[in-house]
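The values are calculated or read from the model by the stated rules, or taken from the named source; none is laboratory data. From a predicted model like this one, the values you see are computed outputs, not experimental measurements. As a convention, Cβ positions derive from the backbone with ideal geometry for all residues, glycine included, and neighbour counts pool all protein chains shown. Surface areas here come from the heavy atoms of the whole protein model, side chains and all, with no ligands, DNA or RNA. Shrake-Rupley method; radii C 1.70, N 1.55, O 1.52, S 1.80 Å.
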Amino acid sequence: AATFNVTLDTTPPVGTVRVKGPRPYTNDVNVTLILDAQDAYGVVSVGVSSYPDFYQEQVLPYGTELPWRIQGGLGENTVYVRFYDAHGLVSAPACATVAFDPFPPSGPVVIDGGAQYTQGKVVRLDLDSSDEVGMLSVELSNDPGMADPRAISVGTRTVEGWALAEGGDGPRTVYMRLTDLAGN
């Protein structure tokens with residue numbers, strides 16, 4: 001008597017995707033997707049697209065990390081994935097969103113209200129900063145290389161008692177380094 005075995009597989013894979021990194025913002029169009037998919041018979045490939053209908057889908061071998069180039073422009077960009085098992089079953093779509101911001105934050109430092117001269121080495125600083133996605137950190141220093149910077153709380157508008165760089169009479173400069181949530 002001959003026997004024939006067949007495997008019944010009616011359960012598609014399930015999986016998730018996220019953009020690698022600590023924040024939902026990036027300043028680079030090249031990101032890494034972190035994939036996590038399961039299937040009783042193995043996940044063999046992943047379909048990736050910038051469109052929810054999977055227009056221009058790229059089907060690639062499945063791995064836990066996948067390089068991806070953001071296809072959209074500034075602001076929020078979504079990537080859509082679906083996973084394929086060894087028997088051709090396809091998962092429900094999963095997606096991840098990341099905001100693309102290549103522009104650095106900006107803002108001036110004003111010493112003693114914009115005075116041209118000061119008689120004291122301790123001054124007041126007025127700060128202003130702005131960015132599209134929000135600020136991560138603000139640092140001040142008397143050194144252009146930002147040696148020994150002093151962290152200032154984001155949103156601080158006035159710093160009282162700032163000690164200017166030592167030395168004789170002459171010009172002094174205070175430097176501000178702003179970092180936004182996208183890493184600019």
Task: Area accessible to solvent at residue 130, 1.4 Å probe radius, in Å² - done: 70
Task: Whole-angstrom Cα spans of segment 42-140 along principal axes, big to small - done: 80, 23, 17
Open item on the list: If you filter segment 68-128 for chymotrypsin sites (Phe, Trp or Tyr not before Pro), then keep DSSP loop positions with at most 10 other Cβ within 10 Å, what is left?
Closed with: 117
Task: Gyration tensor (alpha-carbon) shape descriptor, the chain, a/c threshold 1.5 - done: prolate
- [ ] Using amide H atoms built 1.01 Å from N in the peptide plane, name the residues 5+ places from residue 44, or on other chains, whose amide H lies under 5 Å from its own.
- [x] 84, 85, 86
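Full-extension gain between residue 58 and residue 132, please, as 0.36 nm times their residue separation minus the C-alpha to C-alpha distance.
23.5 nm
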Task: Only Lys, Arg (+1) and Asp, Glu (-1) charged, at Cβ; the chain dipole about Cα centre in debye - done: 100
Open item on the list: Ignoring solvent entirely, what values of log10 I(q)/I(0) come out of the Debye formula for segment 1-53 at 0.22 Å⁻¹ when each Cα is a single scatterer?
Closed with: -1.00
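Let me check I've understood the local charge: for residue 41, count other residues with C-beta under 13 angstrom from its C-beta, Lys and Arg +1, Asp and Glu -1. What total comes out?
On the way: positive: none; negative: 9, 39, 85.
Around residue 41, the charge tally is -3.
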Task: Neighbour net charge for residue 25 - beta-carbon separation under 14 angstrom, K R +1, D E -1 - done: -3
Open item on the list: Could you tell me the ratio Rg/Rh of segment 20-99? Both radii from Cα atoms, Rh via Kirkwood.
Closed with: 0.97
TODO: Under 17 Å from a label point 7 Å along Cα→Cβ of residue 103: give me every residue in segment 121-159 with its amide N that close.
DONE: 129-136
TODO: Using every Cα-Cα pair within segment 98-176, state what percent have a distance larger than 15 Å.
DONE: 59
Task: the chain: antiparallel DSSP beta bridges as a percent of all, rounded to 5 - done: 95
Task: Relative contact order [Cα under 8 Å, 6+ residues apart], the chain, whole percent - done: 21
Open item on the list: Could you compute the net charge surrounding residue 158? Neighbours are other residues with a C-beta less than 13 Å from the C-beta of residue 158; K and R count +1, D and E count -1.
Closed with: -2
